[in-house]
Amino acid sequence: MEPKKLMAVDPKTLPWEEVFNEPTGKYLYRRSLVTDPDTGMEIKIVRYPAGFTNPLHTHHCAHGMYVLEGTLKTHEGSYGPGSFLWFPEGMTMEHGATAEQDVVILFITNKPFDIHYL
């Protein structure tokens, strides 16, 4: 059995990956920190540019968002730095940045990520 090893990542050294979001015609940005090969769980840093809103959608995974910078605007309200939100699997949701500024979040899934727009 292979010994377990600590994994340390400095997110500032990772480039932002530009991801085109077809429903909005805009880009969002992410830095992938870790993906668990056994469960598919993922942890990323995601940046939604000012004015970007991911329209109504669902996931087959639950996911959490911890707000690092800016304000995360959701279908249920707005949340600033230090807020943690948990979106249950199958929930209909919408989230993104305010019109005034980017929002940066720590994004955590409990299994492989997917997205289904309504």
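Every number here is computed from the coordinates shown, using simple stated rules; none is lab data. If you're wondering where the values come from, they're calculated on a predicted model, not measured in any experiment. Counting neighbours? That spans all protein chains shown, and the Cβs are built from the backbone with ideal geometry, glycine included.
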Over segment 54-71, the set of residues in a strand (DSSP E or B) and either among the hydrophobic types (A, V, I, L, M, F, W, C) or in contact (Cβ under 8 Å) with a residue 40 or more places away in the chain (or both) is Asn54, Pro55, Leu56, His57, Thr58, His63, Gly64, Met65, Tyr66, Val67, Leu68
For segment 79-96, the count of residues that are surrounded by 13 or more Cβ atoms within 10 Å (Cβ to Cβ) and either of a type in the set (Gly, Ala, Ser) or closer than 15 Å to Asp114 by Cβ (or both) equals 6
When every residue in segment 25-53 that is over 13 Å from Ala97 (Cα atoms) and hydroxyl-bearing (Ser, Thr, Tyr) is compared, the one surrounded by the fewest Cβ atoms within 10 Å (Cβ to Cβ) is Thr39
Exactly one of Ala62, Ala50, Ala8 is closer than 19 Å to Leu85 by Cα and of a type in the set (A, V, I, L, M), and that one is Ala62
Within segment 77-118, restricting to residues that are part of a strand (DSSP E or B) and of a type in the set (Phe, Trp, Tyr), the one that is nearest to Arg31 (Cα to Cα) is Phe107
